[in-house]
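Heads up, the thing below is written out as structure tokens.
The values are calculated or read from the model by the stated rules, or taken from the named source; none is laboratory data. All of these numbers come straight from a predicted model, not from anything done at the bench. Note: ideal-geometry Cβ built from the backbone for every residue, glycine included; neighbour counts use all protein chains shown.
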Amino acid sequence: SKGNHRHFMEKEIHEQPEVISHTLANYLDFSKGRVRPDAAPVDFAKVDRIAASACGTAFYAGLVGKYWFEHIARLPVDIDVASEFRYREMPLSKDSLALFVSQSGETADTLASLRYCKQQGLSIGTIVNVRESTMARESNTVFPTLAGPEVGVASTKAFTCQLSVLASLAVSAGKMRGTINEEEERQLVRELSEIPRYATQALKLEAQIEAISRELSQVKHVLYLGRGTSYPLALEGALKLKEISYIHAEGYAAGELKHGPIALIDESMPVIVIAPHDRWFEKTISNMQEAAARGGKIILITDEKGAAASTLKTWHTILLPDMPEIITPIVYTLPIQMLAYHTAVFMGTDVDQPRNLAKSVTVE
Ligand code: F6R
């Protein structure tokens, strides 16, 4: 049931601190400050690369995972949408781990990619929310997300739980590959354990975000920009807005702005800039200034340090607390989901059942 929420999507957004906490506890031993060895039964030291694929929002989770595995564990990740991966005949090595991400565990293209990799003799790991699904049955290793049933067609809590699993696995891989030491593992586990607390704080921004959404519901097009781990979030923000509010939105890597999309920008174009004060911040802010100089209405999502470091006057600034770099993609997802949700409510669309969409895409 929706409880006292108007929509399942709203309920599922608000469940995130709790379900992320359940998911993290399955992978991380907080008292020892370690990834649980039984929760990640893959010898990442012997894996030469990860071949990952997924669809839609699950694909964007995988894309964030790529940044983590490469940065923390120095483990290269090839990732593609499953509908391309399965036909691409990519050369695969038997020492690679094939990794799939799926809420339902039934998505046709992801399942076909899984079966293709199995045929090629790869070990199959799947991050999946539905434990009894076809993908879970056909995998060598199942990495469950403990999000609980997700009813809203637009994926919300499944995404942040997928990210929580990916971050835990990347830390585990780093430890096994010797790219981080015990103290660094403890530090990262401690940082991950803080996600539910920051997610709860992010939910407190809802009234401000609802007010911004009222204005957003008046526009025809929205551009989302981000760099590093915020780039997949820009893609996810645009997907969420278009699928439930039917407003046209595009997500771009911030550095790609000047290679085309900047031509779209004028006074009628909101540009949502996702920029925690991290190692990509300065570059993203200079892209934001380019957009502002063309009249783009900037909505900046940043933290205290970021707001202090940027002198540009924005249309709106959504301010999160300062937090460790590894958890920003998970916590910054919440304001992005709330923006899409409230904009859709103002548009009067069927939020939980958007037109032309199905919760589980079992056809190609
Ligand atoms: C978007 C959304 C879809 C799914 C995609 C994959 O909000 O929900 O893009 O993420 O259809 O579905 P699963 O994860 O079930 O494989």
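Which residue is nearest to Ala73 (Cα to Cα), if the candidates are limited to the range 13-53 and must be among the polar types (S, T, N, Q) and in contact (Cβ under 8 Å) with a residue 24 or more places away in the chain?
Selected residue: Ser53.
Within the range 92-102, restricting attention to residues that are more than 20 Å from the chain's Cα centre (by Cα) and buried (at least 16 other Cβ atoms within 10 Å of the Cβ), which residue is nearest to the ligand (Cβ to nearest atom)?
Leu97
Show me the helices (runs of 4 or more DSSP H) entirely contained within the range 174-255 in which 3 or more residues are surrounded by fewer than 17 Cβ atoms within 10 Å (Cβ to Cβ) and either over 15 Å from the mean Cα position of the chain (by Cα) or not β-branched (Val, Ile, Thr) (or both).
In the range 174-255, the matching helices (runs of 4 or more DSSP H) lie at 182-193, 195-203, 206-216.
I'd like to check something: does the range 118-127 contain any residue that is under 16 Å from the mean Cα position of the chain (by Cα), crowded, with 20+ Cβ neighbours inside 10 Å and within 16 Å of the ligand (Cβ to nearest atom)?
yes
List the pairs whose first member sits in the range 1-12 and is at pLDDT 90 or above, whose second member is basic (Lys, Arg) and part of a loop (DSSP other than H, G, I, E, B), and whose Cβ atoms are under 9 Å apart, counting only residues at least 6 apart or on separate chains?
Phe8/Lys2; Glu10/Lys2; Lys11/Lys2
Can Ala154 be described as farther than 20 Å from Ala98 by Cα, surrounded by 19 or more Cβ atoms within 10 Å (Cβ to Cβ) and either more than 9 Å from the ligand (Cβ to nearest atom) or of a type in the set (Phe, Trp, Tyr) (or both)?
no
Report yes if Val331 is surrounded by fewer than 21 Cβ atoms within 10 Å (Cβ to Cβ), under 22 Å from Tyr60 (Cβ atoms) and among the aliphatic types (A, V, I, L, M), otherwise no.
no
Please list, ordered by residue number, the helices (runs of 4 or more DSSP H) wholly in the range 273-364 having 1 or more residues that are without any contact (Cβ under 8 Å) to a residue 40 or more places away in the chain.
Qualifying helices (runs of 4 or more DSSP H): 281-293, 304-309.
Scan the range 63-91 for residues that are in a loop (DSSP other than H, G, I, E, B), surrounded by fewer than 22 Cβ atoms within 10 Å (Cβ to Cβ) and either at pLDDT 95 or above or under 14 Å from the mean Cα position of the chain (by Cα) (or both) and jot them down.
Arg74, Pro76
Considering each of Ser83, Ser139, Ser113 in turn, give the residue that is more than 30 Å from Gly3 (Cα to Cα), in contact with a strand residue (DSSP E or B) (Cβ under 7 Å, 6 or more places away or on another chain), touching a residue at least 60 places away in the same chain (Cβ under 8 Å) and within 15 Å of the ligand (Cβ to nearest atom).
It is Ser113.
All but one of (1) away from the ligand (no atom under 12 Å from the Cβ); (2) on the phi < 0 side of the Ramachandran plot hold for Asp352, so report the exception by its number.
(1)
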